1. Residue by residue through the stretch 143-160, note down the ones that are in contact with a Phe, Trp or Tyr (Cβ under 8 Å, 6 or more places away or on another chain), in a helix (DSSP H, G or I) and either farther than 26 Å from residue 98 by Cβ or open to solvent by 50 Å² or more (accessible area, probe 1.4 Å) (or both).
2. Can you tell me which residue is modelled with the highest pLDDT among those in the stretch 197-238 that are under 22 Å from the mean Cα position of the chain (by Cα) and open to solvent by 50 Å² or more (accessible area, probe 1.4 Å)?
3. Would you please name the residue that is farthest from residue 118 (Cα to Cα), looking only at residues in the stretch 1-19 that are open to solvent by less than 50 Å² (accessible area, probe 1.4 Å) and not β-branched (Val, Ile, Thr)?
4. Pick out the one residue from 163, 180 that is open to solvent by less than 70 Å² (accessible area, probe 1.4 Å), modelled with pLDDT of 95 or more and farther than 19 Å from residue 234 by Cα.
5. Please list, ordered by first then second residue, the pairs with beta carbon atoms under 9 Å, 6 or more apart or interchain, first in the stretch 110-122 and at positive phi and crowded, with 22+ Cβ neighbours inside 10 Å, second assigned to a loop (DSSP other than H, G, I, E, B) and small (Gly, Ala, Ser).
6. Quick one: what pairs do we get from the stretch 20-41, first residue open to solvent by less than 20 Å² (accessible area, probe 1.4 Å), second at pLDDT 95 or above and of a type in the set (Asp, Glu), C-beta under 8 Å, 6+ apart or different chains?
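The values are calculated or read from the model by the stated rules, or taken from the named source; none is laboratory data. Because the structure is predicted, anything quoted here is derived from the model rather than measured. Cβ placement follows ideal geometry from the backbone for every residue including glycine, while neighbour counts extend to all protein chains displayed. Each accessible area value is taken on the protein alone, full model and side chains, heavy atoms only, with ligands, DNA and RNA left out. Shrake-Rupley method; radii C 1.70, N 1.55, O 1.52, S 1.80 Å.
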Amino acid sequence: MRAIVQQEYGPYREVLHLREIPQPVPGPGQVLVQVRATSVHADIWHAVTGLPYVLRLMGSGLKAPKQQIPGTDLAGVVDQIGAGTTRFAAGDRVFGEITSRNQWGNAGTFAQFAAVDQNLLAPIPADLSFEQAAAVPAAALIALVNLRDQGRVRTGQRVLVNGAGGAVGVWAVQLAKTFGAQVTAADAPAKLDLLRDLGADHVIDYTQQDFTRMGLRYDLVFDIVSQASFSRVRRALEPEGT
């Protein structure tokens, strides 16, 4: 099969190469997915460049990538099933983030086929294309984990999403609304109409206003941009805010 192969860290134009390599074989509990679409997001860049260096210590590989095929997200069609696989059958449309260990490492989706644990996949909704489905997993999971699991957003809370118009932010706005929060979304002026359409109750043009200096307080600030110091962000938090 064809795949993008990375044998060293560095600028993507220098270290990513199209190669012919053996097709993987699904093991027990796995499926072989014919990849129809994958996604390129910020964590892919970190894994390809090996920066910051601490990510290498977290499991990506100290001197070179342990997994030589980049990519973490995929959408495609089940081609084969491994022994003991019960959730999917050949021909099923599936998508998912195929690493449960380290989002900042390669996982093997920049290829024609990938062998994936069945528990890391879900059926693609009928109204989503492969391209749309492949853009969901990493970004949506980051938003979900931060708001539901870490932030524990509840009905009636006031939530600010800073950087709301990016890949993670658009999911954060929608999830916070789903959880019953009143949502304020901060981003560039060109994105504010989109954020209103996604359900934001209030929007902030960060080029005109600094949310840390507006005198407003929130129960949770999800600061995806992360350019302000915590001492500044603290001004916008309720005394028991997160």
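1. Those that are in contact with a Phe, Trp or Tyr (Cβ under 8 Å, 6 or more places away or on another chain), in a helix (DSSP H, G or I) and either farther than 26 Å from residue 98 by Cβ or open to solvent by 50 Å² or more (accessible area, probe 1.4 Å) (or both): 146, 148.
2. This residue is 197.
3. Checking each candidate, the answer is 10.
4. Details: 163 fails: farther than 19 Å from residue 234 by Cα.
Answer to the check: 180.
5. none
6. Between residues of the stretch 20-41 that are open to solvent by less than 20 Å² (accessible area, probe 1.4 Å) and residues that are at pLDDT 95 or above and of a type in the set (Asp, Glu), the close pairs are 29/117; 31/79; 32/79; 33/79; 37/131; 39/73.
Residue-by-condition table, conditions (1) of a type in the set (S, T, N, Q); (2) assigned to a helix (DSSP H, G or I); (3) over 28 Å from residue 127 (Cβ atoms):
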residue: 64; (1), (2), (3): no, no, yes
residue: 69; (1), (2), (3): no, no, yes
residue: 87; (1), (2), (3): no, no, no
residue: 90; (1), (2), (3): no, no, no
residue: 94; (1), (2), (3): no, no, no
residue: 100; (1), (2), (3): yes, no, no
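Matching residues to (1) of a type in the set (A, V, I, L, M, F, W, C); (2) assigned to a loop (DSSP other than H, G, I, E, B); (3) at positive phi:
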| residue | (1), (2), (3) |
| --- | --- |
| 10 | no, yes, yes |
| 13 | no, no, no |
| 26 | no, yes, no |
| 105 | no, yes, no |
